[in-house]
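Student: Handing you this structure, nothing more for now.
The values are calculated or read from the model by the stated rules, or taken from the named source; none is laboratory data. From a predicted model like this one, the values you see are computed outputs, not experimental measurements. Glycine gets a Cβ as well: all are built from the backbone with ideal geometry, and neighbour counts include every protein chain shown. Remember, those area values only see protein heavy atoms, side chains included, never the ligands or the DNA or RNA. Shrake-Rupley method; radii C 1.70, N 1.55, O 1.52, S 1.80 Å.
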Amino acid sequence: MSGLAVRAAAAVRSPQGRAPGDRPAALDYYRDLLTPFGEKPDEELLNRGAHVYHRDLADLLVADEAVGRSRPELLIVTHALPDVVPFTAVAPHLTDRLGGGAANFAIAQQGLAAPFTALRIASAYHRAGRAAEVVLAVLEQTTLPTPFPLAAELIDSAAALVLGASGEADADTGLRFVRAYSAGSAADALGEGALGSDLGDDGTLLVLGPWVTEDLPERSAVHRVAPGSYCTSLWLALADHWQEWSETYRRVVLCDTDPRSGRSHVALFARGEG
């Protein structure tokens, strides 16, 4: 039995932003970007923002000792909202901070589905023998050039997972990634056909993101993530609690619904399962 299991994690919430004098002007870029669509950047909105760049969030994640000592063979950066100043390739920057040896890329424009996609890709790399260690970073900054419907509810945040190869020797410790998929609703995603009939048993923790608003059947153990993030919510919770959860539960199921598409996404982690 082998797979990718969580080996370390870090979370960042509401870091210090940049002072007004330390904010490079990107207005010309935004004007060029938005004018063809009949829009223009909202300078007041930009000035109110914290200006926490994706690179800043990445550096804060690496400052965590457990993440910082990782030397991955694959590194994936994911985000649902764009960077403040989109002139830095953050995946290569983060790779350089972690030894410089990882194949790296970013996944964006998928909403909160991006980290779930990243997990599937990481698992495929691992099964192909191309990555024994993977770092997955989920970044979210909230300084935007135009109004975004969700932005008023969000904070700047980021999470990182270090995923490493696991086998029989540690099959009963740590949380192993099993699979990830999506469905038209949370109820469908969590149905018996998707996760198995024992989802409601005492050994399973269901972690619901803040965007799951539909009524679901009662479960024996549920953790609801507080509002404040779009695509980072589940991963912040996992970064905070993965060690505790791996000692307490046999399975951890993460589920959230993208408020923009209405589609629900699920990731299953399990202790001692392939």
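Student: Would you mind working out the accessible area per residue for the chain, using a 1.4 Å probe, and quoting it in Å²? Before the final figure, lay out the partial values.
Tutor: Numbers: 12130 Å² over 274 residues.
The answer is 44 Å² per residue.
Student: What does the accessible area of Glu44 come to, in Å² to the nearest 10, when a probe of 1.4 Å is used?
Tutor: Surface accessible to solvent at Glu44 totals approximately 120 Å².
Student: Oh, and also: Of all DSSP beta bridges in the chain, what percent run antiparallel (nearest 5)?
Tutor: Antiparallel: roughly 65 percent of the beta bridges in the chain.
Student: Helix 114-127 versus the longest principal axis of the chain: what angle, 0 to 90°, nearest 10, using Cα atoms?
Tutor: Roughly 50 degrees, rounded to the nearest 10.
Student: Please list His54, His241 from largest to smallest accessible area, probe radius 1.4 Å, with all protein chains kept in place.
Tutor: So, going from the largest accessible area down, we get His241, His54.
Student: Rounded to a whole number, what is D in µm²/s for the range 1-123 from Stokes-Einstein with the Kirkwood radius over alpha-carbon pairs (10 °C, 1.306 mPa s)?
Tutor: Translational D for this selection: 97 µm²/s.
Student: With the radius of gyration and the Kirkwood radius both derived from the Cα set of the chain, what is their ratio Rg to Rh?
Tutor: 0.98
Student: Which value, in debye to the nearest 20, gives the size of the charge dipole of the chain about its Cα centre, when Lys and Arg are +1 and Asp and Glu are -1 at the Cβ? List each step's numbers first, then the result.
Tutor: Details: 23 positive and 35 negative charges, 116 e Å.
The dipole of the chain has a size of about 560 debye.
Student: Another question, if that's okay. For the chain, what is the mean residue ellipticity at 222 nm derived from helices alone (per DSSP H run of n ≥ 4: -39500 (n - 2.57); sum divided by total residues; nearest 500 deg cm²/dmol)?
Tutor: Details: 9 runs with 74 residues, N = 274.
So the helix-based figure for the chain works out to -7500 deg cm²/dmol.
Student: Also, quick follow-up: Find how many whole Å separate the alpha carbon centroid of the range 26-87 from the alpha carbon centroid of the range 204-257.
Tutor: That distance is 26 Å.
Student: Keeping all protein chains in place and using 1.4 angstrom, which order do Asp256, Asp42 fall into by accessible surface area, from largest down?
Tutor: My answer, sorted largest first, is Asp42, Asp256.
Student: Right, another one. Within 10 Å, Cβ to Cβ, of Gly209, how many net charges do the neighbouring residues add up to if Lys/Arg are +1 and Asp/Glu are -1? Don't skip to the end; give the middle numbers.
Tutor: On the way: positive: Arg224; negative: Asp256, Asp258.
In short, -1.
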